[in-house]
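Q: My questions will all concern the structure given below.
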Amino acid sequence: MGIVLQISRPNLEIHVAGISFCFLVLYIVLTFGGYSAFINNPRIWHQILVGTNTSFTEIQMDCISGSGSTCTCPFMYTAVGSKCEWSAHLHVLQEQEITFIISILLICISSFMLQQHVREYAFNLLDRQHAVINLSDQNANLQQQLKEMRNDDNLDLDSPITKVIKVIRDIQVKGDLEADVMESLDYVIMLLSSNQLFLPNLNVNKDAMDTDVNKWLNAMINNQEVQKPKAESASNIHAGDAHLAGVLSSEAVNRMTFGTSQANVIEVLENVDTWEFDIFELSKVTGGRPLYHLGMALFEIYNFHSGFNVEESVMRAFLQKVEAAYRPNSYHNSAHAADVMHSMHYFLTVLGLNELVTSEDAFAGIVAAAMHDVDHPGFNNAFMIATMTPQAIRYNDVSVLEHHHASLGFDIMLNEPGCNVLGGVPPDRYKALRTSILSMVLATDMTGHFEYIAKFKNKMNGSGLEFSDPKDRQLCMDIAIKCGDINNAAKSQSLCTQWAMNIMDEFFKQGDEERRRGLPISMFMDRQTTVVSKCQIGFIDYIVLPLYEVWDQYMNEDGNFPALNNLRANREYWKR
């Protein structure tokens, strides 16, 4: 009510000042002017006290009643003999009146200032109410924007060519087009989503070109042989739905688990076909050798011996050498390599990727996962380039670590005695396997992250993946290992948080080294200022979720892949 009164009367202070002024003027006039004449006028008092009908002789009057020596006089009169004389002579005390007037004036000024304060307070309350309403509206808008950002359609991470394909699809769906126009648009989409968008088609009008020249140009441009060896489906080498204990013989387990408890290892490996496979527990029960034990288990499951003529001793030596070459980093260690290897196995078996790709693709995927981070120094590519390490100089600042991992992995394979897991295949298959392994290891470089997502989206939105085409199969395997490489945010909360603490510890160590060297500290690597939850939410929103959404869209036909639900749950956990 006070706010309404103050706001509805904008000139209320003028009214207060006017009333105060009128009161003071009236009081001064009456006090120093009319009051003295009034109080000392016997005629007025005579009329008030005695009545208007009695006679009045200025300052004397007869006694009202009396007998003998007694005379009764009215108020303000004194008996003098037989008469009553006016005895009231009141005076105004100026000092007291001035003091009283000053007091009244101060009260008026205080009232005026109080009114202004109340008015200002009322406006402040009103402004505060408007501010609260505005903040509520802004908060609602921000919450709506955050919800929209989680939707891939509103999170604008699509490449321009992906948007073009979507626009053409919308035109086909909404437009009333003739058959030849629809056919032409389908052809445009096929071209846009092809793997050779920027390459000339040398097979058109081949008769106009010499055959040998045509072969030479195709081999040079495509960086591969013209004739590709025929490969068998990977589904032929998978052990089906058998439990691990049924696949691995006791003799094989005894050979695998030297120095460890066989029962504990088997118990952990029994869950190898689940997404929540605990690689930390495997590392614990195997004495810090999860890569070797998981790799040997998959060697038995996929029967690589018969498919690629790989002796068990060769696979064992290769895995031991590779695992030993991993440094004891917090994150980029052999446990991470084993975790990526498990993801590749999960994609191949549980999600059914083995039914789409060849046995070479599956074998290459397992080997690539094992060596994809070998000898990782615990620093990222930017640090390697900034500090001009030998690896950065050798690989010309391009995918420095990924080239180093691939090179060292093949160096172990080819130069360490008894480690050549590709030694039993003919040259044409070796070349195909090496090309596939290199492609997958190099795909883990995050600089090309969104390019891979865009290519995969283009294939899905366009003509679709053609698994008879080696490039399409390779793109799918590259996406698979990329999903495995950043799977930690898509696991259950306990695994997710443990991996997150490990990577942040590694980040902070790099930040410490950057500070020691006087380099700018990389984002999220300063242990003094970094907010871990902010880092993890950004990682999920802009790196992991866009990749897993397209992968889930293509591979999760049964809807049982828990990765997306885990990502959303982990995002909510980090928000708290």
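Just so you know, all these numbers are worked out from the coordinates, no wet-lab data involved. Just so we're clear, the structure is a prediction, and the values are computed from it rather than from any experiment. Here the Cβ is made from the backbone with ideal geometry for all residues, glycine too, and neighbour counts use every protein chain on show.
Q: Using the per-residue mean of other Cβ atoms lying within 10 Å as a proxy for protection, in what order, highest first, do the peptides 433-439, 98-104 fall? Show your work: numbers first, answer last.
A: Details: 433-439: 20.4, 98-104: 12.3.
Ranking, from highest mean packing down: 433-439, 98-104.
Q: Which whole-Hz couplings ³J(HN,Hα) result when phi for each residue of segment 347-360 is put into the Karplus expression 6.51 cos²θ - 1.76 cosθ + 1.60, θ = phi - 60°, listed in order with x for Gly and Pro?
A: Values per residue, Gly and Pro as x: 5, 5, 8, 6, 7, x, 5, 5, 7, 9, 9, 8, 5, 4 Hz.
Q: What FRET efficiency comes out for the pair Glu311/Val188, r = Cβ-Cβ distance, R0 = 60 Å, nearest 0.05?
A: Working: r = 51 Å, r/R0 = 0.85.
The computed FRET efficiency comes out at 0.75.
Q: Apply the Karplus curve 6.51 cos²θ - 1.76 cosθ + 1.60, θ = phi - 60°, to the phi angles in segment 449-461 and return the couplings in whole Hz, x for Gly and Pro.
A: Each residue's phi maps through the Karplus curve to give 4, 6, 5, 5, 4, 4, 4, 5, 5, 4, 5, 5, 7 Hz.
Q: Moving on to the next point. Compute the orientation-averaged projected area for segment 435-576 from the convex hull of its Cα atoms and round it to one decimal in nm². Mind dumping the intermediate values first?
A: Details: hull surface 40.4 nm².
So the Cα hull casts an average projection of 10.1 nm².
Q: What is the local net charge at Gly464, summed over the other residues whose Cβ is closer than 14 Å to its Cβ (Lys, Arg +1; Asp, Glu -1)?
A: Details: positive: Arg169, Lys455, Lys457, Lys459, Lys471, Arg473; negative: Asp186, Glu466, Asp469, Asp472.
Its environment carries a net charge of +2.
Q: A further question on this structure: So how do 275-281, 393-399 stack up, highest first, on mean other-Cβ count within 10 Å? Numbers along the way, then the final one.
A: Values: 275-281: 18.0, 393-399: 14.4.
Highest mean packing first, the order is 275-281, 393-399.
Q: Compute the length gained on full extension between Asp428 and Gln262: take 0.36 nm times their separation in residues and subtract their Cα-Cα distance, giving the result in nm to one decimal. Spell out each step's value before the answer.
A: Values: separation 166, 0.36 × 166 = 59.76 nm, distance 3.91 nm.
Gain on stretching Asp428 to Gln262: 55.9 nm.
Q: Oh, and also: For Asp62, enumerate residues with amide H under 5 Å from its amide H, sequence gap 5+ or separate chain, H modeled in the peptide plane.
A: Amide H neighbours of Asp62: Cys84.
Q: Further question: In nanometres, what is the gap between the two model label sites at Glu120 and Lys575, each 7 Å from Cα along Cα-to-Cβ?
A: Roughly 4.3 nm, to one decimal.
Q: If I model a spin label as a point 7 Å beyond the Cα along the Cα-Cβ vector, how far apart are those points for Gln172 and Thr447 in nm?
A: Between Gln172 and Thr447, the simple spin-label model gives 3.5 nm.
Q: Next question. Quick one: net charge of Leu348's neighbours, Cβ under 11 Å, K/R +1, D/E -1?
A: On the way: positive: none; negative: Asp273, Glu355, Asp361.
Here the count lands on -3.
Q: Which far-off residues, 5 or more places away or on another chain, put their amide H under 5 Å from the one on Val80, with H placed in the peptide plane?
A: Glu85
Q: Quick check on segment 299-374: take the gyration tensor over C-alpha atoms, sort the square-rooted eigenvalues as a ≥ b ≥ c, and tell me if it's rounded (a/c under 1.5), prolate or oblate. It would help to have the intermediate numbers written out before the result.
A: Details: a/c = 2.66, a/b = 1.32, b/c = 2.01.
Since a/c reaches 1.5 but b/c is at least a/b, the shape of segment 299-374 is classed as oblate.
Q: Also, I was wondering about something else. Which cross-chain or sequence-distant (5 or more) residues have an amide H under 5 Å from the amide H of Thr358, H modelled 1.01 Å from N in plane?
A: Under 5 Å from the amide H of Thr358 lie the amide H atoms of Ala234, each far enough along the sequence or on another chain.
Q: In sequence order, what are the phi-derived ³J(HN,Hα) couplings for segment 114-121 according to the Karplus relation 6.51 cos²θ - 1.76 cosθ + 1.60 with θ = phi - 60°, rounded to whole Hz, with x for glycine and proline?
A: 4, 4, 5, 5, 4, 5, 4, 4
Q: Could you work out how much longer the chain between Arg568 and Asp469 gets when fully extended? Use 0.36 nm per residue separation minus the Cα distance between them, nm to one decimal. Walk me through the numbers before you get to the answer.
A: Numbers: separation 99, 0.36 × 99 = 35.64 nm, distance 3.46 nm.
Here the segment from Arg568 to Asp469 would lengthen by 32.2 nm.
Q: Also, quick follow-up: Grab the other residues whose beta carbon is less than 15 angstrom from that of Val285, score K and R as +1, D and E as -1, and report the net.
A: Details: positive: Lys284, Arg289; negative: Glu267, Glu270, Asp278, Glu281.
Net charge around Val285: -2.
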